[in-house]
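Undergrad: Here you go, one structure.
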Amino acid sequence: MSVISEENVRGGSLFKDISADDEDWEPTEIESLCMNCHQNGTTRLLLTKIPFFKEVIVSSFSCPHCSWSNTEIQSAGRIQDQGVCYTLKVKTKHDLNREVVKADSATTRVLELDFEIPPFTQKGALTTIEGLLDRAVAGLEQDQPVRRATDPEVAEKIDKFIQKLRKLKEVENEFTLVIEDPSGNSFVENPVAPQKDEALIVSRFKRTVQQDKQLGLRADDDLEEEPAGNDLETMRNEVLVFNTNCPECNAPASTNMKLVHIPHFKEVIIMATNCDSCGHRTNEVKSGGATEELGTKITLHVTDPSDVTRDVLKSETCSILIPELEFELGMGALSGKFTTLEGLLKDIKDLIVSKNPFACGDSSSTERVEKLNEFGEKIDKIIAGEMNIHFILDDPAGNSYLQNVYAPEPDPEMTIEKYTRSFEQNEELGLNDMKTEAYEEEK
């Protein structure tokens, strides 16, 4: 029996990157019970890293007696700071081929059929939209023989519903698929990346207390009230330190938090984590004030290499647009950041190119990889001052900021537009009284 040393766990060597060059790395084999014929089969476990999806455990079971097999994927990484919701309009059969990472904590819905697969009723999977529909059909068919014998009327209704699910694969009419995951570890492929996917809406949300309990982040008897905050003056004058875990290797680390005033803007909370075990560093920014009455759209014409040295505060609710690249990054795709324009562009390149789970391994295609690499090269040209662009920060909460190097005079290369938020934007920010606003809009 092998022993996993503490150094291996904290150093991150337990989960290795997927690589065809590592011929010596083999999955762990465990003898286990076959749930089909109840004789012994073999389970193979592989602990690995998938870019963007982070650490996963891939398990594959096969039985030599009845030939039954089963493959599952389970997230072994950290639960993200926010939940994620993917809403996809399936319009053609090509959409059925989109690859999906579905965590076991995700809820899957088909709105047109009023059909829902609750969380923790299926194991996590790396599959396609068509594969999700096939798994749903297989789950409903599993107990049909028993139902036909005990309750024929219910079995007949389920048979009719199964036919409706199978008919979805013909895509005679478009349908809406929703994957909502409070852990933030699910993913739906954007086949036109780095361009905006018009058929896919990605939104982030704050977990409820009940969802925190389901994910094991709170004790079942934990009170719903949040602990009282520290005195505001204390936060302004001191750096607060609290214990946490590294988001990369999960080793114990410390997070520093400081309330900082940005000139010509407002107060923000900067949180920085440094890990002594693996060297990973991260910083995140939270707005220190309330949501503004108006949204803010900041447009900077980048014409000089010095423009990328400007300070940028991007809140969690801010979208990023670069029209010359036909690129749009929705709110919540990157966490709140206080950095430079160069740092933000590098984060965008890292997210779209380096950490794209469908740009490497068996999931990649030559055309897709070339397109993403071309996008990365254009980002490098912008940073080097070899390409002029318009960089747009669109924040409906009004909590983002781009440095004006001519302050307090107006910046000739930058425009700031204030606008009234739409109903949908207020809804995403949690500012709507849902019933009242929906009624008023309907009127």
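Undergrad: Just checking, how many residues over segment 193-210 are over 17 Å from VAL100 (Cα atoms), surrounded by fewer than 18 Cβ atoms within 10 Å (Cβ to Cβ) and in contact with a strand residue (DSSP E or B) (Cβ under 8 Å, 6 or more places away or on another chain)?
TA: 4
Undergrad: Report whether or not VAL137 is surrounded by 14 or more Cβ atoms within 10 Å (Cβ to Cβ) and modelled with pLDDT of 90 or more.
TA: yes
Undergrad: While we're looking at this one, here's another question. Are any residues in segment 345-359 open to solvent by 50 Å² or more (accessible area, probe 1.4 Å) and at pLDDT below 85, and if so, which ones?
TA: Scanning segment 345-359 gives SER354, LYS355.
Undergrad: Okay, moving on. Against the condition within 27 Å of GLU267 (Cβ to Cβ) and either modelled with pLDDT of 90 or more or open to solvent by 100 Å² or more (accessible area, probe 1.4 Å) (or both), how does ASP395 come out, does it pass?
TA: yes
Undergrad: Identify, please: which residue in segment 77-128 is closer than 21 Å to PHE205 by Cα and out of contact with any strand residue (DSSP E or B) (no Cβ under 9 Å at 6 or more places or on another chain) and is, among those, surrounded by the fewest Cβ atoms within 10 Å (Cβ to Cβ)?
TA: The first filter runs over segment 77-128 and keeps only residues closer than 21 Å to PHE205 by Cα, leaving 77-89, 100-111, 116-120, 124.
Filter once more, keeping what is out of contact with any strand residue (DSSP E or B) (no Cβ under 9 Å at 6 or more places or on another chain): 79, 120.
On the way: ILE79: 20, PHE120: 12.
So the residue we want is PHE120.
Undergrad: For residues in segment 286-344 being in a loop (DSSP other than H, G, I, E, B) and open to solvent by 60 Å² or more (accessible area, probe 1.4 Å), which is nearest to ASN388 (Cα to Cα)?
TA: In this case the residue turns out to be ASP304.
Undergrad: Okay, next question. Enumerate the pairs (first residue in segment 176-192 and more than 22 Å from PHE115 (Cβ to Cβ) and open to solvent by less than 30 Å² (accessible area, probe 1.4 Å); second residue anywhere and outside any loop (DSSP other than H, G, I, E, B) and among the β-branched types (Val, Ile, Thr)) with beta-carbon separation below 6 Å, excluding pairs fewer than 6 apart on the same chain, so at least 6 apart or on different chains.
TA: What qualifies is GLY184/VAL84.
Undergrad: Note down all Cβ pairs under 8 Å where the first residue falls in segment 242-262 and is in contact (Cβ under 8 Å) with a residue 40 or more places away in the chain, the second is part of a strand (DSSP E or B) and loosely packed, with under 14 Cβ neighbours inside 10 Å, and they're at least six residues apart or on different chains.
TA: Pairs found: ASN245/PRO252.
The values are calculated or read from the model by the stated rules, or taken from the named source; none is laboratory data. Predicted model, so just to flag it, every value in this text is computed and none were measured. Neighbour counts run over all protein chains shown; Cβ positions are idealised from the backbone, glycine included. Areas reflect the complete protein model, heavy atoms only, side chains present, ligands, DNA and RNA absent. Shrake-Rupley method; radii C 1.70, N 1.55, O 1.52, S 1.80 Å.
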